[in-house]
Amino acid sequence: MTDHEWPTVKLCRRFAVLWVVGIAVLLSFDTVAASNAAVSLNNAANRDNLSVPRWLYLGTGGAAIGASAMLASFVTDRQYITYLHERTYDITLRSVVRTGTVLGARLLGVGTLCYIVVSGLMGPQIPTVSGAVILVFAGARAGLTIVAYTVGNPWPILNPWRTICEMLPSHGRHYPARIGKWPAVVGFLGLVWFETTTAINDRPALLAGGILAYSVVTVAGGVVFGSDDWFSKADPVSVTFRYYGSVAPLQRTERGLALRPPGFGLPTSRLVDGLDDIAFLIALVWELTFTGFVTTTQGARLVETIVGVGLPPLAVYLTIFVGGYVAFVGAYLVAARQSRALVETYLTSRSLARRFAPPLLAIAAGYHLAHYFGFLVSLFPSLLEVVTSPFTPPANPVVLTLPGWFEGLNIVFVLVGHLLAIWLAHAIAYETFASRLVAIRSQYPFIVVMIGYTVISLWLISLPTTSPAFL
């Protein structure tokens, strides 16, 4: 397949340039702020703000470029790089332990799903004491996802919908291969949009209703197309956990578990097969950027200004949401084309885009940890109360107030994720190209894009939050 058969690149490139220039102009007038998931819960856990000076943004880009130069200059032994990424420590589990763990986890997953629905519909409609809201946002959105990329992915055995599907007769219809993971991409973006633009964080009954509707669609899809195809390609929650879990140091094997440094299995994982995979990985990076922007003072002011002209608020948010996502995708596709032009390889830009996409997961994981770690710590007492006393809501829920220095950890999380992404790109380049010089040069366009993603992330997470306008 030639580059001429990839018509979306030119359109995405032009759109990306226009959108980025427009946002850059808007951001130049004032500061912005970041959000951490449920706005109402965050308001209960106010934190001090840490302003990030301009030199830090410049230093971030310089650190990334410097790290890349160090890798290119000092770590050029191909066999050593391969050794580092292929070395694992196997952890063998007895069959009885594996069977008992899987059964217990599946029962826990189904029981938790039932509790969330019942608690959301019949329990207290106050978000800070609702077991449904605490478990979904603090427990799953924050805690379980953090476990997925820092330890190992527990979702395959916890997934309640898959457990239910495997208990029902399957129709066994063939899943259309041509649509790939695009249903998961659309579904993931739809979930982010629903979370951002509705009162789902404040209304436990709405949250329970949404989860109930999602359950019907997911179980129906699993029954019709089979659990394996549906949960590996179409279900956005399962695909999200699978991607995040690929960064984790613990990976499941036929014998049990394998331990290796975080993300070191990505260069040889063949995790990305097409543009649909790339689109999903970039969606993981973009979703927190979008949430961060619309919950800033500048973002709220921008929305208010445009709505004042006469446009509907949701149309404004949709334009920012879709426009920013297309810009992020376009920037990455442009980097792939520039990399191919720079090294003059026989590989197509699409092939290079697939090969260099896995490092984006390290950036997404670092950004997610920066957004949700403090959120999880703040609400951990409430989460613990829900877990230990699920049917007795606390009269006065405890929410921790984080000290100002805690915000500095977020910068560390983003930088660590970014530097890991650079190393992974370096390893992929050496696996792809025989020439060391070509391997070094091929990374540059992708590193530039990674620097852009990271600088935006640092800017957003370091500034104060505000409620989104009209939402």
Which numbered condition T401 fails, given (1) surrounded by 16 or more Cβ atoms within 10 Å (Cβ to Cβ); (2) among the polar types (S, T, N, Q); (3) outside any helix (DSSP H, G or I): (1)
Of the conditions (1) free of Cβ contacts under 8 Å to residues at least 12 places away in the same chain; (2) touching a helix residue (DSSP H, G or I) at 6+ places or on another chain (Cβ under 8 Å), A208 clears all except one; give me its number. (1)
When residues of segment 195-221 are limited to those that are more than 13 Å from V136 (Cβ to Cβ) and touching an Asp or Glu at 6+ places or on another chain (Cβ under 8 Å), the one surrounded by the most Cβ atoms within 10 Å (Cβ to Cβ): T218
Looking at G123, is it surrounded by fewer than 16 Cβ atoms within 10 Å (Cβ to Cβ) and of a type outside the set (D, E, K, R)? no
Is it the case, given these coordinates, that A258 is more than 23 Å from the chain's Cα centre (by Cα), within 18 Å of P154 (Cβ to Cβ) and surrounded by fewer than 22 Cβ atoms within 10 Å (Cβ to Cβ)? yes
For segment 164-182, give me each residue that is over 24 Å from the mean Cα position of the chain (by Cα) and in a loop (DSSP other than H, G, I, E, B). L168, P169, S170, H171, G172, R173, H174, Y175, P176
Return a yes/no flag: does segment 280-299 have any residue that is in a helix (DSSP H, G or I), within 23 Å of A331 (Cβ to Cβ) and over 23 Å from the mean Cα position of the chain (by Cα). yes
Within segment 145-178, take every residue that is touching a residue at least 24 places away in the same chain (Cβ under 8 Å) and of a type in the set (A, V, I, L, M) and give me the one that is surrounded by the most Cβ atoms within 10 Å (Cβ to Cβ). A148
Within segment 431-444, the residues that are assigned to a helix (DSSP H, G or I) and surrounded by fewer than 24 Cβ atoms within 10 Å (Cβ to Cβ) are E431, T432, R436, L437, V438, A439, I440, R441, Y444
Please work out if T454 is touching a residue at least 12 places away in the same chain (Cβ under 8 Å), out of contact with any His (no Cβ under 9 Å at 6 or more places or on another chain) and buried (at least 16 other Cβ atoms within 10 Å of the Cβ). no
Yes/no for V239 being touching a residue at least 40 places away in the same chain (Cβ under 8 Å) and part of a loop (DSSP other than H, G, I, E, B): no
G299 meets each of (1) of a type outside the set (S, T, N, Q); (2) crowded, with 19+ Cβ neighbours inside 10 Å; (3) farther than 17 Å from W193 by Cβ; (4) modelled with pLDDT under 90 with one exception, condition (3)
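The values are calculated or read from the model by the stated rules, or taken from the named source; none is laboratory data. As the structure is a computational prediction, the values presented were derived from the model and not from experiment. Methodologically, a virtual Cβ is constructed for each residue, glycine included, from the backbone with ideal geometry; neighbour enumeration extends over all protein chains shown.
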